[in-house]
Amino acid sequence: MTSVIDNFFTTLGIFLLILAIAAVFIIVIFNTLVKYRNFVVNAFAQIDVQLHRRHDLIPNLVNTCKAYLDHEHATLKQVTEARNAALSCLEQAKQAPSNGSLIKKLAGAENMLTQALSGLQVTIEDYPELKANETVKNLHEELVSTENKIAFARQAYNDEVMQYNTYKQSFPNNIVAAKFGHKDDASMLELAQSEYRQAPSVQL
């Protein structure tokens, strides 16, 4: 009888030890998932700063151009609407930077804004007085600087997304991720290159 009881407690002890090891294993994986997701959120915060800077510069550029572009209202309106749409998507994405669908929506809106800005840049080239305007030149330089910062911030964000997704998709991490709120992959932010990242041409 004593032997049976000893065997029972030995088996129970082994079982509880296995449960404890499994629990510790799950906790480690979960905490690492949280850490990597927080890295994604932090990296997106840097993108948020630069995109807001871009969005803040655009109204100044549009207002400066209005005085010269009497017949280009459609171009200016397109830039303004694209900017407002991108800003709205940014505010949504900021609430959940690891939400892939929101990041893709933001990328689409920012790429539409880039196209609109490129169209405005082409228009500015057709107006020598506007192109030579000191305010436009300064805004152009600030936009170039901001676009470059966005590119660096985007690369850092995408690196964190890759690390998070790779860890989350690995076995057995994927099982823990699916059970504890890390089911969906984060999405990389793919942005088209803006014309404002290129230096303006100077003819001598």
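Numbers for the structure displayed
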{"read-out": "Yes/no for Ser101 being small (Gly, Ala, Ser), in a helix (DSSP H, G or I), loosely packed, with under 15 Cβ neighbours inside 10 Å and at pLDDT 95 or above", "value": "no"}
{"read-out": "Unique match (being acidic (Asp, Glu), touching a helix residue (DSSP H, G or I) at 6+ places or on another chain (Cβ under 7 Å), in contact (Cβ under 8 Å) with a residue 60 or more places away in the chain and assigned to a helix (DSSP H, G or I)) among Glu129, Glu110", "value": "Glu110"}
{"read-out": "Candidates Val161, Val144, Val122 - the one that is aliphatic (A, V, I, L, M), surrounded by fewer than 13 Cβ atoms within 10 Å (Cβ to Cβ) and assigned to a helix (DSSP H, G or I)", "value": "Val122"}
{"read-out": "Which listed residue is at pLDDT 95 or above and either touching a Leu at 6+ places or on another chain (Cβ under 9 Å) or open to solvent by less than 70 Å² (accessible area, probe 1.4 Å) (or both), from Ala67, Ala109, Ala132, Ala96", "value": "Ala109"}
{"read-out": "Residue match in region 30-40 (condition: at pLDDT below 95, of a type in the set (D, E, K, R) and exposed (fewer than 15 other Cβ atoms within 10 Å of the Cβ))", "value": "no"}
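The values are calculated or read from the model by the stated rules, or taken from the named source; none is laboratory data. All figures in this text were calculated on a predicted structure; none of them were measured in a lab. Don't worry about glycine lacking a Cβ; one is built from the backbone with ideal geometry, like all the others, and counts go over all protein chains shown. With ligands, DNA and RNA removed, areas are computed over all heavy atoms of the protein, side chains included. Shrake-Rupley method; radii C 1.70, N 1.55, O 1.52, S 1.80 Å.
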